[in-house]
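J.: Take this structure, written in structure tokens, and hold onto it; I'll ask about it next.
The values are calculated or read from the model by the stated rules, or taken from the named source; none is laboratory data. Here the structure is a predicted model, which is why all the values come from computation and not from measurement. As a convention, Cβ positions derive from the backbone with ideal geometry for all residues, glycine included, and neighbour counts pool all protein chains shown. Please note that ligands, DNA and RNA were not included when accessible areas were found on the heavy atoms of the full protein model with its side chains. Shrake-Rupley method; radii C 1.70, N 1.55, O 1.52, S 1.80 Å.
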Amino acid sequence: MNYARFLTAVSGARKPSPIRLLTELQQRSPPSLISLAGGAPNPNTFPFQSASIQVKNGQTITFDETAMKRALQYSASNGIPELLTWMKKLQKDLHNPPTCSYSYERGQMDMCVTTGSQEGLCKVFEMLVNPGDNVLLDAPTYSGTLAALQPLGCNIINVPSDQHGMIPAALKDVLSRWDPSEVHKPGSTAPRILYTIPNGGNPTGASMTAERKRDVYELARLYDMLIIEDDPYYFLQFEKPWAPTFLSMDVDGRIIRTDSFSKILSSGLRIGFVTGPKPLVDRIVLHIQASTMHTSTFTQLMVSQLLHSWGQEGFLTHIDGVIDFYRKQRDAMISSADRWLKDVAEWHAPSAGMFLWIKLKGIADTQQLIMEKALEKEVLLVPGGVFMINSGDPCPYVRAAFSLSTPEQIDEAFRRLSLLIKDAL
Ligand code: PMP
């Protein structure tokens, strides 16, 4: 893989910060080292002394004075080592990326911690997308992705999808505009990146089958594209076994995967991860060095302590509990939809995530309905237009989240929605 061909001029021009390099060197050195090099402030002047955090299972995470000093201090831009080690093992155990040309052992793949997967995604796009570039994705898609991509001035090309995600035959058709043997020619306009949400898509709830992923991966090989696998709902797949990921199929090193702890540990702590080819992860880390410097050390230490005390088994047991909750919520939402919306709407039950994507029959655009009339009926949903590439295009869908409301509230909300639709018809 020639990664240089994927980088924007801005990303290619990033250089390591000399001070950050020294800080990282110092953190790996024995305590006998006397460093006058760092610009780190003296934590003895900080007002916080120690912390004790109760975990729901009865455990306590404690930060004594020494740990607290570390938690309050600058740390490495790619993440604190013990969190990265834990996550690399998890990634390997879950996805077992093919080892032929692409393995941790050979150091060709890497990970970094990001302040939520949104930071990772935004930095991935800024690393790879030039004004005028053709970028492929299956819309409707996560509005945060559009917010990060569209200002870069690229041309987003929609790849048709259904409840099983991106349709490989449709992708093939879109790509047939370009000759695969010419994608490396100077001036080629062939897309170099493809973005998708493979599980429990936001907003569609769609999950891609393993077969579709394999077909899409083969097309990415043919056209030498990178695939951005944005998978924050991976751990919210209701059925086991979980679907194999793009990362698990990546024989070439063309997958950049973003993971998130937002749906399973905390959304407010802001912890996500980018996994991908080392030359690309290195570029993201340089961007982090120049922007946030690193994800909060306190947050990382807190999460890392929890994960190390749980072990992988404890983590996966916790995930099982989260899945049970969301599966029940999904079931409640589907039965309320069956009760109230059968005549006025259509939907597919999602097998992952926390969203139901509902098509309202006989309503061309839900924007006005939601923004003007829904509040009167005391029910709120997201009008589907915000997830479209052209947000002004009419869209008959709404997105309903089953994450936060009780089954009783969901039922009442759908009763109100059904009245709203009937009034509008
Ligand atoms: N990608 C998708 C598809 C999402 O739905 C979200 C959260 N709504 C994110 C990325 C960002 O998540 P976070 O930054 O909290 O990890």
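J.: Of all residues in the range 20-57, how many are open to solvent by less than 100 Å² (accessible area, probe 1.4 Å) and either within 26 Å of the chain's Cα centre (by Cα) or not hydroxyl-bearing (Ser, Thr, Tyr) (or both)?
T.: Residues meeting the conditions: 21.
J.: List the pairs whose first member sits in the range 48-75 and is assigned by the TED database to the domain that holds residue 295, whose second member is open to solvent by 30 Å² or more (accessible area, probe 1.4 Å) and basic (Lys, Arg), and whose Cβ atoms are under 8 Å apart, counting only residues at least 6 apart or on separate chains?
T.: As it stands, the answer is none, since no pair meets every condition given.
J.: Checking residue 248 against (1) open to solvent by 10 Å² or more (accessible area, probe 1.4 Å); (2) in a loop (DSSP other than H, G, I, E, B), which test does it fail?
T.: (2)
J.: Could you say whether any residue in the range 28-35 is β-branched (Val, Ile, Thr) and outside any loop (DSSP other than H, G, I, E, B)?
T.: Looking through the range 28-35, none of the residues is β-branched (Val, Ile, Thr) and outside any loop (DSSP other than H, G, I, E, B).
J.: In the range 142-162, is there at least one residue being within 16 Å of the ligand (Cβ to nearest atom), in a strand (DSSP E or B), more than 21 Å from residue 253 (Cβ to Cβ) and not hydrophobic (A, V, I, L, M, F, W, C)?
T.: Yes, the conditions are met somewhere in the range 142-162.
J.: Looking at the range 263-277, can you tell me whether even one residue there is outside any loop (DSSP other than H, G, I, E, B) and closer than 24 Å to residue 357 by Cα?
T.: no
J.: Could you tell me whether the range 319-334 includes any residue that is farther than 24 Å from residue 162 by Cβ, buried (at least 16 other Cβ atoms within 10 Å of the Cβ) and in contact with a Lys or Arg (Cβ under 6 Å, 6 or more places away or on another chain)?
T.: Taking every residue of the range 319-334 in turn, none turns out to be farther than 24 Å from residue 162 by Cβ, buried (at least 16 other Cβ atoms within 10 Å of the Cβ) and in contact with a Lys or Arg (Cβ under 6 Å, 6 or more places away or on another chain).
J.: Something else about it: Scanning the range 191-201 for residues that are of a type in the set (A, V, I, L, M, F, W, C) and more than 12 Å from residue 5 (Cα to Cα), which turns out least open to solvent (accessible area, probe 1.4 Å)? Walk me through how you get there before you give the answer.
T.: Within the range 191-201, the subset of a type in the set (A, V, I, L, M, F, W, C) is 193-194, 197.
Filter once more, keeping what is more than 12 Å from residue 5 (Cα to Cα): 194, 197.
On the way: 194: 0, 197: 21 Å².
In this case the residue turns out to be 194.
J.: Being part of a strand (DSSP E or B), in contact (Cβ under 8 Å) with a residue 60 or more places away in the chain and open to solvent by less than 20 Å² (accessible area, probe 1.4 Å) narrows it down to one residue among 136, 121; which is it?
T.: Details: 121 fails: part of a strand (DSSP E or B).
On inspection, the qualifying residue turns out to be 136.
J.: Let me spell it out: the conditions are (1) assigned to a helix (DSSP H, G or I); (2) within 27 Å of residue 399 (Cα to Cα); (3) open to solvent by 20 Å² or more (accessible area, probe 1.4 Å), and residue 204 meets all of them except one. Which number is the exception?
T.: Here residue 204 clears every test but (1).
J.: So, one more: Any idea which of 176, 143, 188 is among the small types (Gly, Ala, Ser), surrounded by fewer than 20 Cβ atoms within 10 Å (Cβ to Cβ) and within 19 Å of the chain's Cα centre (by Cα)? Step through it out loud before you land on a result.
T.: Numbers: 176 fails: within 19 Å of the chain's Cα centre (by Cα); 188 fails: within 19 Å of the chain's Cα centre (by Cα).
When all the criteria are applied, what remains is 143.
J.: Could you list, in sequence order, all residues of the range 366-385 that are open to solvent by less than 60 Å² (accessible area, probe 1.4 Å) and either in contact (Cβ under 8 Å) with a residue 24 or more places away in the chain or not small (Gly, Ala, Ser) (or both)? Lay out the reasoning, then the answer.
T.: Taking the range 366-385 as the starting set, the residues that turn out to be open to solvent by less than 60 Å² (accessible area, probe 1.4 Å) are 366, 369-370, 374, 379, 381-385.
Listed by number, the residues that qualify are 366, 369, 370, 374, 379, 381, 382, 383, 384.
J.: Sticking with this one: With respect to the numbered conditions (1) open to solvent by 50 Å² or more (accessible area, probe 1.4 Å); (2) not in a helix (DSSP H, G or I), which one is the sole condition not fulfilled by residue 295?
T.: The number of the failed condition is (1).
J.: I'd like the full set of residues that are more than 16 Å from the ligand (Cβ to nearest atom), open to solvent by less than 20 Å² (accessible area, probe 1.4 Å) and either free of Cβ contacts under 8 Å to residues at least 60 places away in the same chain or part of a loop (DSSP other than H, G, I, E, B) (or both), limited to the range 225-242.
T.: Hits for the range 225-242 are 225, 238.
J.: Out of 416, 399, I need the residue that is open to solvent by less than 60 Å² (accessible area, probe 1.4 Å), among the charged types (D, E, K, R) and not assigned by the TED database to the domain that holds residue 141. Which one? Spell out how you get there, then give the answer.
T.: Values: 416 fails: open to solvent by less than 60 Å² (accessible area, probe 1.4 Å).
The conditions single out 399.
J.: Here's a follow-up. If residue 165 meets every condition in (1) more than 16 Å from the ligand (Cβ to nearest atom); (2) open to solvent by less than 20 Å² (accessible area, probe 1.4 Å) apart from one, which number is that one?
T.: With respect to (1) more than 16 Å from the ligand (Cβ to nearest atom); (2) open to solvent by less than 20 Å² (accessible area, probe 1.4 Å), residue 165 is out only on (1).
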